[in-house]
Amino acid sequence: MGRKSAKGKEKKQKRKEESAKMAAAIAKVEAANKIEDPLSMLEPFKKFERNGVSLTIEFKRSADLGEETREFVFQLCKKNMQTLYEKCGVNGWKDREKREEMAEDKALYLIVRNTEAEPVAFVHFRFDMEFDEEVLYCYEIQLTEPFRRKGLGKFLMQILELLAYKTEMGKVMLTVFKSNDSAVTFFMEALKYEIDDISPEDGMYEEEARYWILSKAIKRKTPAQKPVAKAHGVESKMNGHMHAHTNGCCH
């Protein structure tokens, strides 16, 4: 049969490495999704007490939201985002599609409650694969008006970044309308998110040209590293298809 060429061996080795990398990434996502309560890894972040407000934060899976909380997250998302969808999205806002998306089994939530146990904000996120990389994707971060501009939005995003670090995700990702100036400023300037390589370029399909996919790479853990998290200012050893659009009225 003859001797195999060195080039052929290199290609085979590359395919094996890529396959192994993909399998490892999928395993990380599956392991993250099996964690009963990811927020239990970040106990100090279950409370937000700053700028005159006292709030608690809890983790919920979609199936465990309860009817009242499920309706709250949908209605708040609709109130904050419907106009932006209708102005920027070719297909506009559709109640049924949004409800279905928010109720999917993979949907994970951080629910923020006031001292009367009433929900006042939420985050919808998922551990998922984005092409060949394991990521934590922020689908929504929505705050009611009285709790904006108090540092809560930044606090919630810090939680997502720390969860991504703890579960060894490669990055945190989100989607934002280009016309949503407050969201763009919040994510890109305040939190230092950057336009991801997979973000649609100008001149592509009309709807795709109206949003950016942003991301922040998460430094991988090594055996010698242990993250340090503080509820008032994060200190850690990390550097800091169409998805739902996050709301910018959250800083």
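The values are calculated or read from the model by the stated rules, or taken from the named source; none is laboratory data. Computed from a prediction, not measured in an experiment: that's the story for all the values here. In this analysis, Cβ positions are derived from the backbone assuming ideal geometry, glycine residues included, and neighbour counts consider all displayed protein chains.
Couple of notes before you dig in:
- Output for region 47-80, where each listed residue is outside any strand (DSSP E or B) and surrounded by 14 or more Cβ atoms within 10 Å (Cβ to Cβ): SER62, LEU65, THR69, ARG70, PHE72, VAL73, PHE74, LEU76, CYS77, LYS78, ASN80
- Of the residues examined, ASP64 is one that is modelled with pLDDT of 95 or more and over 17 Å from THR167 (Cβ atoms).
- Just so you know, in region 144-189 the residues that are touching a helix residue (DSSP H, G or I) at 6+ places or on another chain (Cβ under 6 Å), closer than 17 Å to TYR85 by Cα and among the hydrophobic types (A, V, I, L, M, F, W, C) include one that is surrounded by the most Cβ atoms within 10 Å (Cβ to Cβ), and it is VAL176.
- Residue list for region 85-97, filter: more than 25 Å from ILE198 (Cα to Cα) and assigned to a helix (DSSP H, G or I): ASP95, ARG96
- Flag if GLU36 is closer than 28 Å to GLY170 by Cβ, part of a loop (DSSP other than H, G, I, E, B) and modelled with pLDDT of 95 or more: yes
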